[in-house]
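Inspection log for the structure reproduced underneath, given as structure tokens.
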Amino acid sequence: MSIEPFNRLVKLVARAFYDDFTTKGENQPKTGRSDNRGIVVVVLDALTRRQWVREEDLAKALSLHSKQLRRTLRFLEEEKLVTRDHRRETAKGAKIFSAAIAATGDGIGKEGEEKIKLHTHSYCCLDYSQIHDVVRYRLHRLKKKLKDELENKNTVQEYICPNCSRRYTALDALRLVSLEDEYFHCESCNGELVAESDKLAAQEAGDGDDNARRRRREKLKDTLQKMEVQLKPLMDQLSRVKDLPVPEFGSLQAWEARAHAAGRGGSGDAGANDGSKSSQGYGGTPMPFLGDTKVEVSFAGLEGKEEDVKSEVATAPLKVLPPWMIKQGMNLTKEQRGEVGEESKMESTPMSSQLSDDKKSTVQSDDKKSLQDEYIKAYYAALLKKQQEQEESARKQQQPSDSNTADGHSDTSSSRQVGMKAKRDPEDVVWEEAQYAGNPSDSYKVGDLNVQADESGEDDDDVEWEEG
Amino acid sequence: MLCEGELVKYVCPGKPDSNGLISRRSIITSLLKYLLCEKASKDHGYFLAITSIKSISLKLVNEVRFPLFRVIFNCRTFMPFQGEILQGVVDQVFRSGMGLLLRSGPLKWVYLSAIKMPGYSFIPGENPSFLHDKFGKIEAGVVVRFSVLSFRWIGRRWGDARNELAVLASIEGEYLGPLPEVQPDDIVL
């Protein structure tokens, strides 16, 4: 049982009938910023991608204020497009729901809330069978209203006195009924009133009325035609969906129980039949159970994670450092300088966060990465070469000093890149001197920064760089 | 359509008893009499039944008049709406062939014009009626399903009719017209 045609129907309905709905009242000012027309479209589209969902979660996912969302959902509930369920939950209950969501493989991966108090949670879900009926009824009423107006079905009957041409509506004529002959009599001349059809009324009425009536009929015809044309995609979708079985999610409790059972039974087993029947309530390929999505963010500053970071840094293969990080005097291998090409981790920094990505996305990103890596490698290789040449020339001019490295500062202008930060803080130089005292001979020694600055001025001709 | 609304009425139950007390029962009785006399109002329609008394408070006490009480109560009412589908019994078919009168629940003045009965031909005689080839005969005592075209509040404008609602009916449309299998007593609002 495919849900896609029904989702398309919901999307068409949202755009056809509710694109001008706003949660603001009529008297409230609608500025550009606060105008939220179209919110129904956003909410309904989001609900087509979900089954039973907690309203708070939906608000977070859509970046909407929960009050706004609740108002919209209340409106949609009145329109019979959405079913809602409200229940008081404990921490256990909320976690059960979150687990149920994870079991259906929706990928929301909401972790259980840490602080759950016992209060009312609201859930909502699209009610496809009702939507189907409601839309058909609405279209039927639209057409009927216009057709009835065109055929004057709603016109109140009028009576005319042939003697004095006085006109009465049927309600007025009712009180003028004579008890003797049961005719209506004119109250001024006592003549017998005659019922008139619309054609007669059109003929006998003045020009102004006739034109107005004709214009009204034409306007109604136009409206009916426009309606047929503009609602054609919706009506086509309705006819497509007419014979298909309607997807049913059931009540919140039933859905939760099913999803939970499916999650337990189908864990690690992709496309289990039981899972497809029990978990989602509708056919189609079920999502393979990939487990809860876990996000681990490691910050260097955090106490608990520091050791992990350090160990990771220590054990991970050496990364190629970008040139702006490479300073003279740093103890770097050729690998790190990017001279030997390996899997690039150029974009990684010591402050990297590790994500456990989806397998598919990792494979795809690796392909892209390899292309980028090669380009970057070549680029950095060229830069390094230039840097080396400059360092050699600088070394010839400098006096040998013990150690004077600057960590985190830009080296010479050759390593200066557009958009890269270049700090020149003399205080840091002192600190770094102490740190890097006694480096091995293969470290590059940079002279005084001021000297460097002059040298950089000399080397300006070699490197063309733009001032920011 | 049946509605339930909150109404406020002022009733004067009469003279207090020897102890200077007025019973709650007497207040409610006088309220019921008042509603029976009034029958209907423009805003709420016909009064059908009091469902609950919300509050009774003393409004006015003076030596000249009997005490006046303010009663707030919930009342079930019947109010017709345009487009509503109702069932009624034919009361009278006009011999002139102009139309017929129906009654439906508390509504006494429901007028169905001949022009709003497409396809029906008038058959004059002792017992005039309207006949359709497919849908049957409409004569006095027949139950008819109709839609409300329009309605009007009659205050004190008509001769005997007072505080009534006059309704214009129509049987143009699907599933409207005579219901020969339904008995007049079986009509449910």
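Please compute, for peptide A:166-175, the average count of beta-carbon atoms on other protein chains lying within 10 Å of each residue's beta-carbon.
For peptide A:166-175, the averaged partner shielding equals 5.
Please compute the average number of Cβ atoms from other chains found within 10 Å of each residue's Cβ in peptide A:71-78.
That works out to 0 on average.
Tell me which residues come under 5 Å, amide H to amide H, from B:Glu4 once H is placed; ignore anything under 5 positions away on its chain.
B:Thr77
Between region B:41-62 and region A:154-193, what is the C-alpha centre distance in whole Å?
Computed from Cα coordinates, the inter-centre distance equals 38 Å.
On a 1.4 Å probe surface of the protein chains, which of A:Trp255, B:Trp153, A:Trp324 comes out largest in accessible area, and what is the full order?
A:Trp324, B:Trp153, A:Trp255
Around A:His65, under 12 Å between beta carbons, what's the net of Lys plus Arg minus Asp minus Glu among the other residues?
Once positives and negatives cancel, what remains is +2.
Around A:Leu193, which amide H atoms from residues at least 5 apart in sequence, or from another chain, sit under 5 Å from its own amide H, with H modelled in the peptide plane?
Amide H neighbours of A:Leu193, under 5 Å, 5+ apart: A:Phe184, A:His185, A:Cys186.
Whole angstrom only: what separates the Cα centroid of region B:124-182 from the Cα centroid of region B:74-113?
First find each Cα centre; the distance between them is then 5 Å.
What length, rounded to one decimal in nm, is gained on full extension from A:Arg8 through to A:Leu62, with 0.36 nm per residue of separation minus their alpha-carbon distance?
Difference between extended and current length: 17.5 nm.
Given R₀ = 30 Å, FRET efficiency for B:Thr51-B:Cys12 by Cβ-Cβ distance, to 0.05?
Result of the calculation: an efficiency of 0.85.
In whole percent, how big is the carbon plus sulfur part of the accessible area of region B:2-78, probe 1.4 Å, protein atoms only?
53
In Å², rounded to the nearest 100, what is the total accessible surface buried by chains B and A against each other with a 1.4 Å probe?
1900
Modelled label-to-label distance, A:Glu78 and A:Asp45, 7 Å Cα→beta-carbon offset: nm?
2.5
In peptide B:122-130, what is the residue-averaged number of other protein chain Cβ atoms found within 10 Å of each Cβ?
0
Which whole-Hz ³J(HN,Hα) couplings does region A:223-239 yield from phi under the Karplus relation 6.51 cos²θ - 1.76 cosθ + 1.60, θ = phi - 60°, glycine and proline marked x?
Going residue by residue, I get 4, 5, 5, 4, 4, 4, 6, 6, 9, 4, x, 5, 5, 5, 5, 4, 5 Hz, with x marking Gly and Pro.
If you plug each phi of region B:148-156 into the Karplus form 6.51 cos²θ - 1.76 cosθ + 1.60 with θ = phi - 60°, what whole-Hz ³J(HN,Hα) values come out, in order, with x for Gly and Pro?
Listing the rounded values in order: 7, 7, 6, 8, 9, 7, 9, x, 10 Hz.
What distance in nm separates the two pseudo spin-label positions at B:Ile72 and B:Arg95, each 7 Å out from Cα along the beta-carbon direction?
5.6
With every protein chain left in place and a probe of 1.4 Å, what is the accessible surface of B:Glu181, to the nearest 10 Å²?
About 140 Å², rounded to the nearest 10.
Give me the one-decimal nm value for the distance between modelled label points at A:Cys189 and A:Ala212, 7 Å along each residue's Cα-to-Cβ direction.
Simple spin-label model gives 2.4 nm for this pair.
Which of the residue pairs B:Lys15/B:Lys42; A:Lys80/A:Lys219; A:Lys11/A:Lys232; A:Lys60/A:Lys368; B:Lys9/B:Lys39; A:Lys24/A:Lys147 have a Cα-Cα distance greater than 25 Å in the structure shown?
Pairs exceeding 25 Å: B:Lys15/B:Lys42; A:Lys80/A:Lys219; A:Lys60/A:Lys368; A:Lys24/A:Lys147.
So how do A:81-88, B:122-129 stack up, highest first, on mean other-Cβ count within 10 Å?
A:81-88, B:122-129
The values are calculated or read from the model by the stated rules, or taken from the named source; none is laboratory data. Please read all numbers here as calculations on a predicted model, not as lab measurements. Backbone-built Cβ (ideal geometry, glycine too); neighbour counts: all protein chains shown. Heads up: the accessible areas ignore ligands, DNA and RNA and are worked out on the full protein's heavy atoms, side chains in. Shrake-Rupley method; radii C 1.70, N 1.55, O 1.52, S 1.80 Å.
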